[in-house]
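Following: one structure in structure tokens, then a few remarks.
Bear in mind these aren't lab numbers, they're just calculated from the coordinates by the rules spelled out. Small disclaimer: the values here were computed from a predicted structure and weren't measured. Cβ placement follows ideal geometry from the backbone for every residue including glycine, while neighbour counts extend to all protein chains displayed.
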Amino acid sequence: MLTPIDWHTHSTASDGTLSPAALVHHARDCGVEELALTDHDTTAGLEEAARTARQLGVRFLPGIEISVDWRRHDIHIVGLNIDSEDCSLKSLTQQLAEIRVQRARTIGTRLEKLGHSGVYEGACALAKNERPGRAHFARYLVSQGRVKNEGDAFKRLLGRGKPAYVATGWPALEIAIKAIHDAGGWSVLAHPLRYQLTATKMREMMAAFKTAGGVGMEILNGRQTQDETDRLTRLAQRFEFIPSRGSDFHALQR
Ligand code: AMP
Ligand code: MN
Ligand code: MN
Ligand code: MN
């Protein structure tokens, strides 16, 4: 995890492998002083994490990582310091959950047609719900020896443009930003380098995020080189985005 401040992490409420309470314990053990839990499209883990953080004396920011569509790219917008009881945000997360249920079924059907049967059920069992994410599909495929590792699952099957990739009707950038701001939070563009955009498209995406009211941008996400951090720092300055940082923690290293 990223010390002393980590504003981007996942728990079992989405595709992380530690429960919200275990995540906060791990963060404390790593020396994290201020933590945000930012599960994909859900606020379900926030209450447990906040309670544990209070007990352990870790400063806690309730967060979320919302999936949006920008020109058919899946872009992630982190919301920090959100009120999870906000109606506008609640209605969006409900919509996102329905999208995830449908998408998971379609991914399952695609995999079935590719000769990988039972993966939808396996992914649901790992997620403990009906809306497993692609990471759950990847983990199940690994557990069955169908692929070497999670990265391989994305490269061969689940990644953008691959045979089991489902173009998802995620909401527009503006919708996510508005819901985050309505809930009193700050909107942060997550990991700009992960979208495989050309330099020109990256600037266009940042301009669109700025125009839609976006306020922050991650200049540090997980492991990255100094050159990458420098490049993101320059971009954040150019667009006057407040810099954010996080590990994007999902699982303990095996
Ligand atoms: P989803 O939100 O269901 O579309 O899944 C996106 C998640 O899949 C990301 O948050 C990561 O946890 C995981 N993921 C995406 N790309 C890769 C990859 N190449 N290798 C491993 N995990 C990945
Ligand atoms: Mn994830
Ligand atoms: Mn992300
Ligand atoms: Mn993330």
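Just so you know, the Cα atoms of the range 85-217 work out to an Rg and Dmax of 16.9, 46 Å. Mean residue ellipticity, 222 nm, helices only, the chain: the sum of -39500 (n - 2.57) across DSSP H runs of n ≥ 4, divided by residue count and rounded to 500, is -13500 deg cm²/dmol. Once C-alpha pairs closer than 8 Å and six or more residues apart are averaged by separation and normalised to the residue number of the range 117-190, the relative contact order reads 14 percent. Spin-label model, ASP74/ILE242: points 7 Å from Cα along the beta carbon direction are separated by 2.8 nm. Full extension of the chain between THR106 and ASN81 gives 5.7 nm of extra length, using 0.36 nm per residue less the Cα-Cα distance. On the beta carbon distance between HIS26 and GLU47, with R0 = 25 Å, the FRET formula returns roughly 0.85.
Approximating the spin labels as points 7 Å out from Cα along Cα→Cβ, the THR200-to-ASP182 distance works out to 3.6 nm.
Extending 7 Å from the Cα toward the beta-carbon at both LYS210 and LYS148 defines two label points whose distance is 4.1 nm. Size descriptors for the range 5-161, from the alpha-carbon set: Rg then Dmax equal 16.4, 50 Å. Within the range 72-95, list the residues whose amide N lies under 14 Å from a label point set 7 Å along Cα→Cβ of GLU34. In the range 72-95, the label zone of GLU34 (backbone N under 14 Å from the point 7 Å along Cα→Cβ) covers 80-82. When only C-alpha pairs under 8 Å and at least 6 residues apart count, what is the relative contact order of the range 6-102, in percent? Relative contact order comes out at 24 percent. Over 17 Å apart: what share of the alpha carbon pairs of the range 161-254 falls there, rounded to a whole percent? Considering the range 161-254, 57 percent of its Cα-Cα pairs are separated by more than 17 Å. Over the range 134-244, Cα pairs under 8 Å with separation of 6+ residues give a relative contact order of 19 percent.
For the range 1-78, the percent of C-alpha pairs falling in each 5 Å distance bin, counted from 0 to the bin holding the largest distance, reads 3, 19, 28, 24, 13, 6, 4, 2, 0. Only beta bridges with both residues in the chain are counted; by DSSP, about 45 percent of them are antiparallel. The GluC sites (Glu not before Pro) of the range 179-254 meeting both criteria, a DSSP state outside H, G, I, E and B (loop) and at most 13 other C-beta atoms within 10 angstrom of the site's C-beta, are GLU240. The GNM of the chain, with springs linking C-alpha atoms under 10 angstrom apart, assigns the highest mean-square fluctuation among HIS26, HIS181, HIS136 to HIS26. Averaging Cα coordinates gives a centre for the range 150-180 and one for the range 182-246; these two points are 18 Å apart.
Evaluating 6.51 cos²θ - 1.76 cosθ + 1.60 at θ = phi - 60° for every residue in the range 197-205, the Karplus couplings come out as 9, 5, 4, 5, 5, 4, 5, 5, 5 Hz, glycine and proline recorded as x. The range 1-57 and the range 128-145 have Cα centres spaced 22 Å apart.
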